[in-house]
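So the structure is just underneath, and the comments pick up after that.
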Amino acid sequence: MRRIKGDTIMQRKLMAEAFGTFWLVFGGCGSAIFAAAFPQLGIGFVGVSLAFGLTVLTMAYTVGPISGGHFNPAVTAGLAAAGRISWSQFVPYAAAQVAGAILAAVVLYIVASGKADFSLAGGFAANGYGDHSPGKYPLFSALVIEVVLTAFFLLVILGSTESRVPPGFAPIAIGLCLTLIHLISIPVTNTSVNPARSTSQALFAGGWAIQQLWLFWVAPIAGAVLAGGIHKALFAKDAIVGEGN
């Protein structure tokens with residue numbers, strides 16, 4: 001009986017992760033595909049950055065209480081590295097996140113392909129470096145910025161969800177942080193910090209996007225794990241002045 005209940009709880013968590021990641025990709029990448037450069041009224045980099053931040057903010061409040069609101073394999077890895085969750089949750093969570101992201105990309109493709117002059121040549125909001133970076137930034141630049149920004153993203157997530165922090169405001173800080181991250185790095189890599197988001201778009205862009213996809217798994221997860229370790233050191237009980245007094 002306990003096993004059945006536990007399985008049901010995990011199923012709900014995975015559904016929530018898939019649902020939340022769907023919304024992140026559909027809203028964030030959708031804004032890039034449909035609205036970023038729309039004639040005369042395009043929302044540009046600022047609009048796309050806000051779209052990504054708003055998707056995380058809204059879903060963190062909507063399904064965060066069910067699954068924790070990761071929507072990103074790097075976030076799951078960072079939380080595991082920080083000791084917030086078990087590493088055994090990484091694979092099922094990541095699978096659900098990638099599934100939700102791919103489903104969103106499918107819907108985006110169905111909508112986008114209805115336009116007469118539709119083409120995947122524009123990259124379908126995929127991430128890239130070198131010739132496929134919006135600003136033509138090389139591999140090393142892409143690696144550094146993805147590691148650094150994902151690390152700070154996780155530090156904000158971990159810090160804003162600490163028990164010492166007033167509850168209820170974390171999604172706002174997290175959503176604004178993701179907005180800032182996109183404002184910084186869209187010109188460099190089109191901003192990943194999320195392997196699920198990168199995978200879904202690469203599958204449709206194909207070719208170069210799939211060849212470069214490894215970076216957008218390795219760098220975000222490395223940055224997230226690094227942040228998990230830093231957070232554990234910063235918030236260790238003996239590191240907090242006045243703790244236990």
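Could we say that Tyr137 is of a type outside the set (A, V, I, L, M), open to solvent by 70 Å² or more (accessible area, probe 1.4 Å) and in contact with a Pro (Cβ under 8 Å, 6 or more places away or on another chain) here? Spelling it out, Tyr137 is indeed of a type outside the set (A, V, I, L, M), open to solvent by 70 Å² or more (accessible area, probe 1.4 Å) and in contact with a Pro (Cβ under 8 Å, 6 or more places away or on another chain). Cβ-Cβ distances below 9 Å connect the following pairs, each with a first residue in region 97-114 that is open to solvent by 60 Å² or more (accessible area, probe 1.4 Å), a second residue that is at pLDDT 95 or above and among the β-branched types (Val, Ile, Thr), and a separation of six or more residues or different chains: Leu103/Thr21; Leu103/Val25; Val111/Ile33. Being farther than 23 Å from Pro92 by Cβ and at pLDDT 95 or above is a property that holds for Ile210.
If you filter region 205-216 down to residues that are of a type in the set (A, V, I, L, M, F, W, C) and buried (at least 19 other Cβ atoms within 10 Å of the Cβ), you find that the one that is nearest to Ser119 (Cα to Cα) is Ala205.
A single entry from Leu149, Leu57 fulfils the requirement of being under 25 Å from Phe235 (Cα atoms), touching a helix residue (DSSP H, G or I) at 6+ places or on another chain (Cβ under 9 Å) and open to solvent by less than 30 Å² (accessible area, probe 1.4 Å): Leu149.
A quick yes/no check of all residues on (1) surrounded by fewer than 21 Cβ atoms within 10 Å (Cβ to Cβ); (2) part of a helix (DSSP H, G or I):
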{"site": "Ile9", "(1), (2)": "yes, yes"}
{"site": "Phe19", "(1), (2)": "yes, yes"}
{"site": "Ala37", "(1), (2)": "yes, no"}
{"site": "Phe45", "(1), (2)": "yes, yes"}
{"site": "Gly53", "(1), (2)": "no, yes"}
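Condition check ((1) within 27 Å of Met59 (Cα to Cα); (2) more than 15 Å from the chain's Cα centre (by Cα); (3) outside any helix (DSSP H, G or I)) across all residues:
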residue	(1), (2), (3)
Pro134	no, yes, yes
Leu143	no, yes, no
Val156	yes, no, no
Ile174	yes, no, no
Leu180	yes, no, no
Ser200	yes, no, no
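Go through region 26-35 and give me each residue that's open to solvent by less than 30 Å² (accessible area, probe 1.4 Å) and in contact with a Phe, Trp or Tyr (Cβ under 9 Å, 6 or more places away or on another chain). Listed by number, the residues that qualify are Gly27, Gly28, Cys29, Ser31.
Scan region 163-170 and give yes if some residue there is in a helix (DSSP H, G or I), closer than 19 Å to Thr58 by Cβ, in contact (Cβ under 8 Å) with a residue 60 or more places away in the chain and out of contact with any Cys (no Cβ under 9 Å at 6 or more places or on another chain), otherwise no. The answer is yes; a qualifying residue exists.
The values are calculated or read from the model by the stated rules, or taken from the named source; none is laboratory data. What you see is a predicted model; the values in this text were computed from it and never measured. Cβ atoms come from the backbone with ideal geometry, glycine included; neighbour counts cover every protein chain shown. To get the accessible areas, we keep the full protein, side chains included, count just its heavy atoms, and leave off ligands, DNA and RNA. Shrake-Rupley method; radii C 1.70, N 1.55, O 1.52, S 1.80 Å.
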